[in-house]
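Participant: Mind looking over this structure? Questions follow.
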Amino acid sequence: MHLNFIKFDTIDSTNNYAKENIHELESYDVIVAKNQTSGRGRRGNTWVSSEGMALFSFILEEDKSLTVNDYLKLPLIVGISLLETLDKLKPDMYEFKWTNDVYLKNKKVSGILIERKNGKLIIGIGVNLNNKIQDDLKDIAISLELNYDIEEFIRLVIRDFINNFESFKLGNWSKILEKINEKNFLKNKDIIVKVLDKEYSGKAFDIDYDGRLSVCINDEIKYFNVGEVQIIKK
Ligand code: BTN
């Protein structure tokens, strides 16, 4: 697959650039920046960016043969692909935090923000690859602290994503889901799921066939499509 790189030293956000220029962008165009001044996370959070992180967004034009339900699984497929790439680069006990974060030693390694505009998906990825974590984030974030070529890393991530996505389109979701559940960071943990202004607390179990997190709440299994998960520390 040919990747077309659009490179910046500093930009506000690679996802913003993709949104603003969406008409000119096509599948596997990649926007990459050494640094971002207004990196964005999910739910309106800020993504604190610094040099040495892999900061990029790539485009995926929607495939008309896929359904809305298929696209609900995309964050999981991107997340597990990223975990697989990291594990090949520096093998370790990575875990997959539903819906799409990679964790290591209970700390976040990477974040993914998927947005949609004009029938195109913008897959924004931030990875603590070569950088050091700033002091005030050390409790929640971890870096691989490598000295890896960032463009090469991005090529590996997108290659792993394409492999999984093609396999998904051929009907192999069960196999991918199995890999995800093997790495399920939340499994058997007591959690709170926040959905809009509601909070649900219970024990997390597997991710189900529809990509939903199953949570046992008062002896009843409930399934979550979306939500922000917080772990209850005991
Ligand atoms: C999250 O965990 O909340 C998602 C973080 C996503 C960060 C990446 S960095 C590259 C791309 N550009 C952005 O502004 N955000 C994503």
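Participant: Keeping to the stretch 137-162, report how many residues are open to solvent by 80 Å² or more (accessible area, probe 1.4 Å) and closer than 30 Å to Asp70 by Cα.
Facilitator: 2
Participant: Can you spot a residue in the stretch 96-106 that is surrounded by fewer than 20 Cβ atoms within 10 Å (Cβ to Cβ), over 11 Å from the mean Cα position of the chain (by Cα) and either within 14 Å of the ligand (Cβ to nearest atom) or free of Cβ contacts under 8 Å to residues at least 60 places away in the same chain (or both)?
Facilitator: Looking through the stretch 96-106, at least one residue is surrounded by fewer than 20 Cβ atoms within 10 Å (Cβ to Cβ), over 11 Å from the mean Cα position of the chain (by Cα) and either within 14 Å of the ligand (Cβ to nearest atom) or free of Cβ contacts under 8 Å to residues at least 60 places away in the same chain (or both).
Participant: In the stretch 160-180, is there at least one residue being within 21 Å of Ile207 (Cα to Cα) and β-branched (Val, Ile, Thr)?
Facilitator: Yes, there is a match, as at least one residue in the stretch 160-180 is within 21 Å of Ile207 (Cα to Cα) and β-branched (Val, Ile, Thr).
Participant: Turning to a different aspect of this structure: Among the residues of the stretch 163-174, how many are in a helix (DSSP H, G or I), free of Cβ contacts under 8 Å to residues at least 24 places away in the same chain and surrounded by 12 or more Cβ atoms within 10 Å (Cβ to Cβ)?
Facilitator: Result for the stretch 163-174: 1.
Participant: Return the residues of the stretch 105-146 that are within 20 Å of Leu72 (Cα to Cα) and either out of contact with any strand residue (DSSP E or B) (no Cβ under 6 Å at 6 or more places or on another chain) or basic (Lys, Arg) (or both); say none if nothing qualifies.
Facilitator: Scanning the stretch 105-146 gives Arg116, Lys117, Asn118, Gly119, Lys120.
Participant: Among the residues of the stretch 107-125, count how many are more than 10 Å from the ligand (Cβ to nearest atom) and either buried (at least 22 other Cβ atoms within 10 Å of the Cβ) or not in a strand (DSSP E or B) (or both).
Facilitator: Looking only at that region, the number is 3.
Participant: Something else about it: Quick check: is even one residue across the stretch 126-139 under 26 Å from Val32 (Cα atoms) and assigned to a strand (DSSP E or B)?
Facilitator: Checked the stretch 126-139: at least one residue is under 26 Å from Val32 (Cα atoms) and assigned to a strand (DSSP E or B).
The values are calculated or read from the model by the stated rules, or taken from the named source; none is laboratory data. As the structure is a computational prediction, the values presented were derived from the model and not from experiment. Cβ atoms come from the backbone with ideal geometry, glycine included; neighbour counts cover every protein chain shown. Surface areas here come from the heavy atoms of the whole protein model, side chains and all, with no ligands, DNA or RNA. Shrake-Rupley method; radii C 1.70, N 1.55, O 1.52, S 1.80 Å.
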